[in-house]
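Working notes, structure below.
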Amino acid sequence: MSILVVGSVAFDALQTPFGKVDRCIGGSATYFSVAASFFTDVDLVAVVGEDFTDEDASVFNGRRINIEGLERVQGARTFFWSGEYGYDLNVAKTRDTQLNVFADFKPRISEKQKNPDVLFLANIDPVLQYEVLQQAGRPRLIALDTMNYWISSKHDDLERVFRAVDLVIINEAEVRQFTNEANLVKACRQILDLGPSTLVVKRGEYGVLMITKTAIFAAPAYPLENVFDPTGAGDTFAGGFLGYLASRSEIHDKELRRAIIFGSVLASFTVEKFSLDRLREISINEIHERYQDFRALTHFEDFEK
Ligand code: AMP
């Protein structure tokens with residue numbers, strides 16, 4: 001099983017209450033690919049500038065990630081995002097977004113990349129997400145992520161993509177922002193009414209809610225003592241979630257629930273260090289161990305009447 005992902009590969013400047021970095025690797029597709037590659041083969045489609053070195057690209061080396069679709073544009077700069085967090089690490093404040101190479105990017109899906117098992121439209125301009133959708137053939141599952149930046153600047157383009165996907169992965173605040181509805185469950189139903197069969201709502205340190213037309217599943221976040229930098233937690237979650245699903249022969253409720261936990265496990269590692277530093281050092285065994293910790297965390301017995 002394979003995943004095709006299109007999204008941002010970026011340089012980030014980050015400030016959290018625990019430290020600061022002026023330039024590190026980031027991007028929605030970067031976190032996603034590294035996380036998903038623990039479970040399945042990943043084909044990456046993105047664009048970087050000439051400032052993106054082979055050393056920077058080494059984040060993808062030695063993993064099940066094909067970067068033939070990572071275009072490098074001469075004379076242009078890589079996408080840049082600068083973000084800041086206060087003590088409430090659930091809220092990222094964007095200080096600066098420089099689209100750079102993404103301003104003129106025309107994603108091209110090669111014949112080899114068409115008809116993947118899973119297509120993930122990671123957070124980028126919804127116009128680009130739609131262009132990819134039109135070229136991708138017939139994936140078994142199409143999922144999408146987005147953020148406040150695109151909800152406020154390209155709401156209608158985003159709605160067009162929502163109508164064409166199976167699964168939406170989105171932050172709690174963004175569900176409310178997109179629908180203008182304060183009640184989360186009602187807001188989720190509005191998005192499901194557009195067409196997707198499943199909505200996965202990321203709630204930061206409060207965990208994840210998965211809503212379908214007939215069921216709701218909730219998982220907590222792993223209670224960590226050392227949360228250092230929440231950047232990329234959402235994309236990493238999506239990578240663990242869809243990576244696990246792509247590795248299974250069937251997608252049904254039990255597998256979706258396991259996938260939610262694998263996504264949460266991967267995200268819990270990402271936030272322990274800046275950038276992808278923690279994600280780059282973990283092994284599949286550590287992932288499996290933390291999955292078991294999650295089971296213990298949420299297990300409770302039925303009661304006797
Ligand atoms: P998250 O998982 O939501 O914390 O995503 C963090 C990543 O999203 C950062 O590494 C940024 O480079 C990337 N990012 C921030 N803003 C945008 C945007 N407008 N479009 C695409 N990627 C973005």
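The numbers here are math on the coordinates, done by the rules we state, and not lab data. Everything quoted here is computed from the prediction, not taken from an experiment. FYI the Cβ positions are ideal-geometry reconstructions off the backbone, even for glycines, and counts take in every protein chain you see.
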Over 19 Å, how big is the tail of the calculated P(r) for segment 195-291, in percent of all Cα pairs? 38
Could you give me the ³J(HN,Hα) list for segment 28-40, computed from phi with Karplus coefficients 6.51, -1.76, 1.60 and θ = phi - 60°, whole Hz, x at Gly and Pro? 4, 6, 5, 4, 4, 5, 4, 5, 5, 5, 5, 10, 7
Here the relative contact order (percent) of segment 196-305, from C-alpha pairs under 8 Å and at least 6 apart, is 23
Label-to-label distance, nm, for residues given as Asn180 and Ala103 (7 Å Cα→Cβ offset): 3.2
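Rounded to the nearest 0.05, what FRET efficiency do Tyr206 and Phe300 have when you use their Cβ-Cβ distance and R0 = 22 Å?
Values: r = 18 Å, r/R0 = 0.84.
Result of the calculation: an efficiency of 0.75.
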HN-Hα J in Hz across segment 283-295 - Karplus 6.51, -1.76, 1.60, θ = phi - 60°, x for Gly and Pro: 10, 4, 5, 5, 5, 5, 4, 5, 4, 5, 4, 4, 4
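Between Glu289 and Asp88, what length comes free when the chain is fully extended (0.36 nm per residue of separation minus the Cα-Cα distance, one decimal in nm)?
Full extension of this stretch gives 69.6 nm more.
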Dipole moment magnitude, nearest 20 debye, segment 116-275 about Cα centre, only Lys, Arg, Asp, Glu C-beta charged: 440
Give me the distance in nm between label points sitting 7 Å out from Cα along the Cα-to-Cβ direction at Asp157 and Asn226, one decimal. 4.1
Overall form of segment 1-104 per C-alpha gyration tensor (a/c, 1.5; a/b vs b/c): oblate
Scattering from the C-alpha atoms of the chain alone, worked out with Debye: what is log10 I(q)/I(0) at q = 0.08, 0.09, 0.14 1/Å? -0.31, -0.40, -1.03
Three-way shape call for segment 145-191 based on the alpha-carbon gyration tensor, with the a/c threshold at 1.5: oblate
What are the residues whose amide H is under 5 Å from the amide H of Ser2, where those residues sit 5 or more places off or on another chain and H is modelled from the backbone? Asp117, Val118
For Arg189 and Lys213 in one chain, what is 0.36 nm times their gap in residues minus the Cα-Cα distance, to one decimal in nm? 7.9 nm
Need one number: % antiparallel among DSSP beta bridges in the chain, to the nearest 5. 40
Quick calc: nm separation of the 7 Å Cα→Cβ label points for Thr53 and Lys254 -> 5.0
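Work out the length of the dipole vector of the chain about its Cα centre, built from +1 on the beta-carbon of each Lys and Arg and -1 on the beta-carbon of each Asp and Glu, and round it to the nearest 20 debye.
660
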Expected vector for segment 149-160, Karplus 3J(HN,Hα) from phi with 6.51, -1.76, 1.60 and θ = phi - 60°, integer Hz, x for Gly and Pro, equals 3, 7, 5, 7, 9, 9, 4, 6, 5, 5, 4, 4
Going by average Cβ neighbours within 10 Å, how do the peptides 167-179, 101-113 rank, with the highest at the top? 167-179, 101-113
Taking every alpha carbon pair in segment 90-193, what does the distance histogram look like in 10 angstrom bins from 0, in percent? 14, 44, 31, 10, 0
Order the peptides 180-190, 291-301, 253-263 from the highest to the lowest mean number of other Cβ atoms within 10 Å of their residues. 253-263, 180-190, 291-301
